[in-house]
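Let me begin by presenting the structure, written as structure tokens, before commenting on it.
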Amino acid sequence: MKGDIDPIYFKSLAESLRYLTCTILDILYGVRLVNKYIKILDQSHLNVTKRIIHFIKGSLNKGLFYTHC
């Protein structure tokens, strides 16, 4: 299945998620696992990456918001 997945696309997604871990700590564990297997690319790893993105998309309105005093 390695031939079906574009490694550049996957690495781009993984690096974007790694950047988001600075602000969204809930995804830190999943992103760490995805990045652990970045060289052993499989369809399941791409599915997990898309699942994390789906989680982020569904939780955009949740979080701590600060107002300027």
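A compact table of results
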quantity	calculated
Elements of type helices (runs of 4 or more DSSP H) contained in region 6-69, each with 2 or more residues being in contact with a Gly (Cβ under 7 Å, 6 or more places away or on another chain) and surrounded by 10 or more Cβ atoms within 10 Å (Cβ to Cβ)	43-58
Test: residue in region 26-37 that is among the β-branched types (Val, Ile, Thr) and out of contact with any helix residue (DSSP H, G or I) (no Cβ under 7 Å at 6 or more places or on another chain)	no
Among the candidates 60, 41, 25, 64, residue that is in contact with a Lys or Arg (Cβ under 9 Å, 6 or more places away or on another chain) and at pLDDT below 85	41
Of all residues making up region 43-69, the number that are under 9 Å from the mean Cα position of the chain (by Cα) and charged (D, E, K, R)	2
Region 26-44 residues that are over 16 Å from residue 16 (Cα atoms), paired with ones that are not basic (Lys, Arg) (beta carbon under 7 Å, 6 or more apart)	41/5; 41/7; 41/10; 42/1; 43/1; 43/4; 43/5
Residue list for region 8-42, filter: of a type in the set (A, V, I, L, M), more than 26 Å from residue 66 (Cβ to Cβ) and within 9 Å of the chain's Cα centre (by Cα)	13, 14, 34
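Condition check ((1) closer than 16 Å to residue 57 by Cα; (2) among the hydrophobic types (A, V, I, L, M, F, W, C)) across all residues:
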site	(1), (2)
15	no, no
24	yes, yes
33	no, yes
41	no, yes
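The values are calculated or read from the model by the stated rules, or taken from the named source; none is laboratory data. This is a predicted model, so every value here is computed, not measured. Quick reminder, even Gly has a Cβ in these numbers, built from the backbone with ideal geometry, and neighbours come from all protein chains shown.
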